[in-house]
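Structure record follows, encoded as structure tokens.
The values are calculated or read from the model by the stated rules, or taken from the named source; none is laboratory data. In this text the structure is predicted, and so the values were computed from the model without any measurement. Because the Cβ atoms are built from the backbone with ideal geometry, glycine has one as well, and the counts that use them run over all protein chains shown. Surface areas here come from the heavy atoms of the whole protein model, side chains and all, with no ligands, DNA or RNA. Shrake-Rupley method; radii C 1.70, N 1.55, O 1.52, S 1.80 Å.
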Amino acid sequence: MILHCNDRVYGFSVNDIRPAVEQDGVLYEFTHDRTGVKLAWLSRKEENKTFCIGFATIPDNDCGMFHILEHAVLNGSKRYPVKEPFVELMKSSMQTFLNAMTFPDRTLYPVSSRNEKDFENLVRVYMDAVLHPLVVENPEIFYQEGWHYEPEPSGNGYIRNGVVLNEMKGAYSSGDAILQREMKRLLYPDTCYRYEAGGFPEDISRLSYEQLVEYHRKYYRPSNAYIFLDGELPVERILSILDMEYLKQYKREPVETEISIQKKTAPAEAVVPYPSIPGLPEEKAAQMGFGYVAGTFDEKEKLCAAAMLAEYLAGDQDAPLKKAILEQELAQDVEVFLYDGIKQPFLLFLMRNTDKNRRDEISKVLRETLQGIVRCRIDKDRMKAVLNRMEFQAREQEFGWVPEGVGLALKLMGDWMYGLDIMEDLKSESVFTFLRGSLENGYFENIIEEMILSSENQAFVCLTPSEDIMGERLLREKKEINGMTKGWSEQEKGEEAHKLRKLK
Ligand SMILES: [Zn+2]
């Protein structure tokens, strides 16, 4: 069957059909009429078929509700009530990718397989997992994946345990996580990016089971779903599965998921402790980050230029910023990168293993290096080499460890939810052509000036080493747990013990 615009197939309307030149394929866009599910299919000669369903999930605190939900929905569903369907699938399916991820403003469930029957089965398992997870009726799954109390092995009081809780405690034992969180809090004080979508360890236990179920009800509904399909696949068959087996029973219930744009803010700064790295002398034990909001998701050329600048400034030993900082022994290493995949990406300059008292000197070198580049113009050959490298990666669709279809899904889902035409993420040639033509006309110099030197959204974070931050955290947690549990009646203790027995 050949599809045309405005055709209706299994409850879906065909909205648009366009060639996807760089992928050598055709992009079909659909809307499910009854629920409003948005679906895009990149039809092309790719044997490995990909399905990805995503929901815009906007956190309104640091409890990590969407991270816990991501884990929880993978613990069995109505049609697949096994305890760990994903573990089973890992063993039995011919999947080439199977996972789920929580981002700062969305949750994605991508899967791929080369085998048609297997692929259909995976689509069913994923749809059932997100729409009909057992967790909405079974609190044990929340206790296990999120958090719960259990008696301390010594029998002396209680501790908190749980998969996501422990995962995030692990993540926040690293300086990088602490620095990035602090940076986002400072750069985006008025948007959802000030929250840790993964859950901040000290806040996770503020989330109740009832709240989790409510978050699921509100956000995991078809009207808030985006589905991306890639590869050679029987699209009508997939649409019929989606409609008849899942979407038909729902109606349109839009969810408010608009993310505001951060207004201009005064430069902000913070000094925060982090677990010290053993063996680093005092004058090398601090970590610094200088952050600058780079633009918005739809400014593709500008964001690509920012990523190129990062590489230009600190990508190798001869890179001008890295060289200047290292020569003056102001830090042991310099990294610059574009923190991408959010509605307003930012450029982050990291000074590794530095002296907390040398911030002014570092700031000065940073400014002077950038001012020097603006004054004397960029080194065209160096920038051209960066451009060639990035263009090559884009053309080869190199996504590292994930299959191409999954890589594409991860790349375009966010922009799609922000309202961008997803075709913008399927074409990179025009962006590189524009940037190649801008090597000599002052474009990059302007970007440095605008984005960094006279930035209207910038922040500074310094991490200072603390020998006992981990100990202090433990102590704070212990005190809090004691406060919560010491007044428990015998009945409450019994209920906790009962909960635990069910968990085992
Ligand atoms: Zn996790």
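Numerical summary
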quantity: Per-selection metrics, segment 336-432 (Cα): Rg and Dmax in Å; calculated: 17.6, 48
quantity: For segment 194-209, 3J(HN,Hα) per residue [Karplus equation, 6.51 cos²θ - 1.76 cosθ + 1.60, θ = phi - 60°, Hz, x = Gly/Pro]; calculated: 6, 9, 8, 5, x, x, 8, x, 6, 9, 4, 6, 7, 8, 9, 4
quantity: Cβ-derived FRET efficiency at R0 56 Å, Glu282 paired with Glu253, nearest 0.05; calculated: 0.45
quantity: Within the chain, helix-based [θ] at 222 nm, where runs of 4 or more DSSP H residues each add -39,500 (n - 2.57), nearest 500; calculated: -12000 deg cm²/dmol
quantity: Radius of gyration and Dmax over the Cα atoms of segment 89-145, both given in Å; calculated: 13.0, 36
quantity: Note, ³J(HN,Hα) from phi for segment 365-377, Karplus 6.51, -1.76, 1.60, rounded to Hz, x at Gly and Pro; calculated: 4, 4, 4, 5, 4, 5, 4, x, 5, 4, 5, 9, 6
quantity: Stokes-Einstein translational diffusion, segment 362-418 - Kirkwood Rh over all Cα pairs, 0.692 mPa s, 37 °C, in µm²/s; calculated: 227 µm²/s
quantity: All-pairs alpha carbon distance profile, segment 230-305, 10 Å steps from 0, percent; calculated: 11, 18, 19, 22, 16, 12, 2
quantity: Distance between modelled label sites at Ile17 and Lys384, nm, 7 Å Cα→Cβ extension; calculated: 4.3 nm
quantity: Per-peptide average of other Cβ atoms within 10 Å, ordering 361-371, 40-50 highest first; calculated: 40-50, 361-371
quantity: Efficiency of FRET between Val9 and Arg217 - r from beta-carbon atoms, R0 35 angstrom, step 0.05; calculated: 0.75
quantity: Selection from Phe142, Phe66, Pro403, by position along the positive dipole direction of the chain (Cβ); calculated: Phe142
quantity: Set Lys356/Lys384; Lys45/Lys117; Lys169/Lys218; Lys322/Lys364 screened for pairs whose C-alpha atoms are more than 24 Å apart; calculated: Lys356/Lys384; Lys169/Lys218
quantity: Surface share of carbon and sulfur [accessible, 1.4 angstrom probe, percent] for the chain; calculated: 49 percent
quantity: Listed residues Lys499, Lys356 arranged by accessible area, highest first, probe 1.4 Å; calculated: Lys356, Lys499
quantity: Highest to lowest packing among 6-15, 471-480, 201-210, scored as the average C-beta count within 10 Å; calculated: 201-210, 6-15, 471-480
quantity: Accessible surface of Val164 - all protein chains present, 1.4 Å probe, nearest 10 Å²; calculated: 0 Å²
quantity: Cα-derived Rg over Rh, computed across the chain with Rh taken as Kirkwood radius; calculated: 0.99
quantity: Contour minus Cα-Cα distance for Glu472 and Ser454 (0.36 nm per residue); calculated: 2.6 nm
quantity: Segment Ala266-Asn441, extension gain: residue separation times 0.36 nm, minus the distance between their alpha carbons; calculated: 59.9 nm
quantity: Within segment 268-464: Cβ-based charge dipole about Cα centre, in debye rounded to nearest 20 (Lys, Arg +1; Asp, Glu -1); calculated: 240 debye
quantity: Most to least accessible of Phe392, Phe55, Phe337, Phe297 (protein chains only, probe 1.4 Å); calculated: Phe392, Phe337, Phe297, Phe55
quantity: Cut-off 10 Å between beta-carbons: net charge of the residues surrounding Asn75, Lys and Arg +1, Asp and Glu -1; calculated: -2
quantity: For the chain, accessible area per residue (1.4 Å probe, heavy atoms of protein chains only), Å²; calculated: 45 Å²
quantity: Distribution of pairwise C-alpha distances over segment 36-156, 5 Å bins, in %; calculated: 2, 10, 18, 20, 19, 13, 8, 4, 3, 1, 1, 0, 0
quantity: Cβ-derived FRET efficiency at R0 51 Å, Glu152 paired with Glu361, nearest 0.05; calculated: 0.60
quantity: Val272 accessible area, 1.4 Å probe, all protein chains in place, Å² to nearest 10; calculated: 20 Å²
quantity: Overall dimensions of segment 163-308 by Cα: Rg and Dmax, Å; calculated: 21.1, 65
quantity: Relative frequency of Cα-Cα separations exceeding 27 Å in segment 268-464, percent; calculated: 34 percent
quantity: From phi via Karplus (6.51, -1.76, 1.60), per-residue ³J(HN,Hα) for segment 99-106 in Hz, x at Gly/Pro; calculated: 6, 8, 9, 9, 10, x, 9, 7
